[in-house]
Every structure is written in C-alpha cells, then in structure tokens.
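Peer 1: First, the structure itself, so that you have it in front of you.
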Amino acid sequence: MKISEETNGVDSPSKDEFAKEKGSNAAFIPPSIDTATPEKSKYFHTTIAPDVPKDQPFRLGVDEAGRGPVLGPMVYAVAYCPVDFDLTNFGFADSKTLTAVKRSQLLEDICNKETELGRHVGWSVQSISAKELGAGMLRQYNKYNLNSQAHDTTMNLIQKVYDSGIRITEIYVDTVGPPDTYQQKLQARFPQAKVKVTKKADSLFPIVSLASICAKVTRDVQLDLVRYLLQTQDWGSGYSSDAKTTKWLRSSVHPVFGWKGDIVRYSWQTARDILEVASSKTSSPSFIHVDWHEEKSAPLNFTPRKPSAKSRSWFGTDFAF
C-alpha cells in the first residue's frame with residue numbers, strides 16, 4: 001500500500017484493495033465518486049439510453065442522504081424515468097426496508113445500460129462536502145443555512161435534467177422544512193411540471209426511493225473510502241449521538257488544526273465543542289487556547305469647540321476642528 005506524502009494518507013484504492021478492506025469478494029464503487037478525493041464536493045449525471053425517447057413524459061424524484069451527521073458530505077440525488085415505466089417490479093417500493101447490499105446491487109443495475117432498469121433510468125447526484133457546508137453556515141454575514149443549501153441544490157439538479165433535454169412532467173420530493181411552503185417554491189420554479197412535496201416521500205413514491213438509493217449508496221461508499229484513505233479506526237454511524245463517532249472525534253482531533261480529511265462538519269456543535277472547549281474530563285490530546293491578539297489603534301484626541309461662521313459644514317450641519 002503506497003503512502004501519499006501530500007495527503008499523508010494512501011493513494012486511491014483499486015476495486016480489489018477496497019473489496020479486501022470491506023471484507024467482501026466484490027465492492028461496487030459508483031461512478032458518482034472520485035476515489036482519489038471522495039470527501040470533496042462533486043456533481044455527477046448519467047442519462048437514459050440513447051434509444052429511449054427524451055420527449056415523452058418523465059417523472060423525477062428527489063431525496064438526500066447525510067443531512068444530520070457530523071461526519072461526511074450531504075448528498076442530494078435526483079432520479080427520473082418515463083412515466084409508464086413501472087419501478088415497483090424492481091423493488092423500489094421503500095428503500096429503508098432494503099439492506100445495504102441490496103441497495104448497492106440496485107444502483108449497480110441502474111448503472112448497467114444493458115439492463116431494462118439501466119436503459120430507462122437517469123440519475124444525478126451532488127455531494128456537498130463537510131467543508132463546503134461549514135463554509136456557508138459559518139459565514140460572519142449572510143449565513144447560508146442547511147435548508148437554503150438543500151433547496152438550492154435540489155433546484156440546480158432538477159434544472160440540469162431539464163437542460164439535458166428530458167421532458168419532466170412530474171416531480172416528487174422528500175421535504176426539507178414545511179412541505180407546503182417548499183412545494184410552492186418548487187412549483188413556481190418549475191411550472192411545466194406537477195410538483196408534490198411531502199414527508200416520507202421515499203416510502204410513497206418509488207422514484208423517490210430510487211433517488212434515495214443513489215444518494216445513500218454514494219455517501220456510504222464515500223465514507224468507507226475516506227476511512228480507508230485516512231487509515232483510521234471505525235467512526236461509527238457519523239451521528240453525534242453515536243458513542244463510536246464522538247470517541248473517534250475526541251481521539252483524532254488536533255488541538256490547533258482539527259481533523260484530517262475534510263470529513264468533519266465544523267459547523268456542528270459537537271465538533272465545535274470538542275475542538276474549542278477544554279474540559280477537565282478530556283484526556284489526551286490536551287487543548288490549546290488561542291488568543292487572537294488585535295492591536296488597538298490609538299484614540300483620536302480632539303477638543304470640541306463651538307462652531308464659528310467659518311466652520312459651517314456641507315448640507316447645513318455644523319462641525320468644528
């Protein structure tokens with residue numbers, strides 16, 4: 001295994017190396033992932049087979065993976081297929097009932113243009129890295145909150161499908177925030193389609209379940225690859241409530257530079273507490289307090305005087321030196 005001096009990690013793994021790490025005979029790495037930098041933001045789109053007409057009505061679903069964890073990117077996905085193409089025959093009724101292996105197999109089938117599923121389904125993903133999420137949320141001014149980033153990402157993904165020539169007539173979305181408000185927003189942006197925004201959309205609409213699989217498999221493999229590249233211990237589910245995750249965060253943090261790999265969301269309170277707060281209960285590593293010293297400019301010394309006729313200001317306001 002070759003060590004990369006630049007990243008202080010290992011080089012991009014081959015499929016066989018990754019499979020060995022995962023303890024399986026085969027490992028599917030989706031084309032939506034850059035194996036060299038899996039933690040970075042990335043856009044990916046693949047469309048239907050050339051012989052499937054684009055001018056027929058299509059339905060499109062939207063879902064995400066990784067909105068809540070303190071580790072890893074947030075991944076948004078859209079998936080689309082002809083309105084008359086029945087997805088229930090392929091097991092897309094409810095993605096949450098599927099095992100990780102089954103989800104991976106379904107996405108692998110979608111990526112195979114020799115299958116009926118692969119020929120009739122197109123999909124896109126946008127990974128928003130932990131670094132990019134934090135950069136928006138931690139702005140000093142005009143903070144870019146998580147809901148706004150989610151809404152903008154969704155609309156950009158849908159627009160790119162339209163730009164590719166696909167005639168979308170139905171849009172189904174798993175809600176972010178109040179569903180009615182979000183539906184009105186999307187309907188105004190895409191008046192050419194019928195928009196439905198609701199909670200638990202992935203269990204109601206197979207096309208949203210398909211999008212959920214694209215997002216979740218992409219994110220799961222991203223995290224596995226990053227952990228492999230960093231050669232680090234198991235970090236659990238990535239949620240702040242997971243003891244394995246918080247244990248990894250505490251044991252892996254550098255007191256000044258934080259965590260390697262652009263994998264931790266510094267905008268999450270859990271990460272900020274671990275990085276910034278020195279606790280008497282915290283063992284190694286010890287935390288360092290940074291004093292950002294700012295030089296104070298010398299005070300302005302002036303003596304106010306009663307204005308004279310010669311010291312009248314512009315626009316009728318008195319001033320005197």
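The values are calculated or read from the model by the stated rules, or taken from the named source; none is laboratory data. Treat the numbers as computed from the prediction; the structure is a model and nothing was measured. Note: ideal-geometry Cβ built from the backbone for every residue, glycine included; neighbour counts use all protein chains shown. When the accessible area is computed, the model is the full protein with side chains, heavy atoms only, and any ligands, DNA or RNA have been set aside. Shrake-Rupley method; radii C 1.70, N 1.55, O 1.52, S 1.80 Å.
Peer 1: Say whether the condition of being among the aliphatic types (A, V, I, L, M), over 26 Å from Q149 (Cβ atoms) and either outside any loop (DSSP other than H, G, I, E, B) or open to solvent by 10 Å² or more (accessible area, probe 1.4 Å) (or both) is met by at least one residue in the range 75-85.
Peer 2: Scanning the range 75-85, I find at least one residue that is among the aliphatic types (A, V, I, L, M), over 26 Å from Q149 (Cβ atoms) and either outside any loop (DSSP other than H, G, I, E, B) or open to solvent by 10 Å² or more (accessible area, probe 1.4 Å) (or both), so the answer is yes.
Peer 1: So which residues in the range 190-213 are over 18 Å from Q159 (Cβ atoms) and in a helix (DSSP H, G or I)?
Peer 2: A201, D202, S203, L204, P206, V208, S209, L210, S212, I213
Per-residue answers, yes or no, for (1) in contact with a Lys or Arg (Cβ under 7 Å, 6 or more places away or on another chain); (2) surrounded by 12 or more Cβ atoms within 10 Å (Cβ to Cβ); (3) modelled with pLDDT under 85; (4) part of a loop (DSSP other than H, G, I, E, B):
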{"site": "R219", "(1), (2), (3), (4)": "no, yes, no, no"}
{"site": "Q222", "(1), (2), (3), (4)": "no, yes, no, no"}
{"site": "D234", "(1), (2), (3), (4)": "yes, no, no, yes"}
{"site": "Y239", "(1), (2), (3), (4)": "no, yes, no, yes"}
{"site": "T245", "(1), (2), (3), (4)": "no, yes, no, no"}
{"site": "R250", "(1), (2), (3), (4)": "no, yes, no, no"}
{"site": "S280", "(1), (2), (3), (4)": "no, no, yes, yes"}
{"site": "S286", "(1), (2), (3), (4)": "no, no, yes, yes"}
{"site": "D291", "(1), (2), (3), (4)": "no, no, yes, yes"}
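Peer 1: Going by the conditions given, is L210 touching a strand residue (DSSP E or B) at 6+ places or on another chain (Cβ under 6 Å), touching a residue at least 60 places away in the same chain (Cβ under 8 Å), farther than 19 Å from L107 by Cβ and crowded, with 20+ Cβ neighbours inside 10 Å?
Peer 2: no
Peer 1: For the range 178-189, which residues satisfy the criterion of being in a helix (DSSP H, G or I) and either open to solvent by 10 Å² or more (accessible area, probe 1.4 Å) or within 17 Å of V125 (Cβ to Cβ) (or both)? First the steps, then the outcome.
Peer 2: Looking only at the range 178-189, we keep the residues that are in a helix (DSSP H, G or I), and these are 179-189.
Across the range 178-189, the qualifying residues are P179, D180, T181, Q183, Q184, K185, Q187, A188, R189.
Peer 1: Out of the residues in the range 158-177 that are of a type in the set (D, E) and in a strand (DSSP E or B), which is nearest to A49 (Cα to Cα)?
Peer 2: Across the range 158-177, the extreme among qualifying residues is E170.
Peer 1: Name the residues in the range 46-69 that are aromatic (F, W, Y) and open to solvent by 40 Å² or more (accessible area, probe 1.4 Å), would you?
Peer 2: Matches in the range 46-69: none.
Peer 1: Output the residues belonging to the range 100-134 that are more than 22 Å from the chain's Cα centre (by Cα) and not hydrophobic (A, V, I, L, M, F, W, C).
Peer 2: Those that are more than 22 Å from the chain's Cα centre (by Cα) and not hydrophobic (A, V, I, L, M, F, W, C): K102, Q105, D109, N112, K113, E114, T115, E116, G118, R119, H120.
Peer 1: Next up: Quick one: I29 ticks every box in (1) in contact with a strand residue (DSSP E or B) (Cβ under 8 Å, 6 or more places away or on another chain); (2) crowded, with 17+ Cβ neighbours inside 10 Å bar one, so which box is it?
Peer 2: Going through the list (1) in contact with a strand residue (DSSP E or B) (Cβ under 8 Å, 6 or more places away or on another chain); (2) crowded, with 17+ Cβ neighbours inside 10 Å, I29 breaks only (1).
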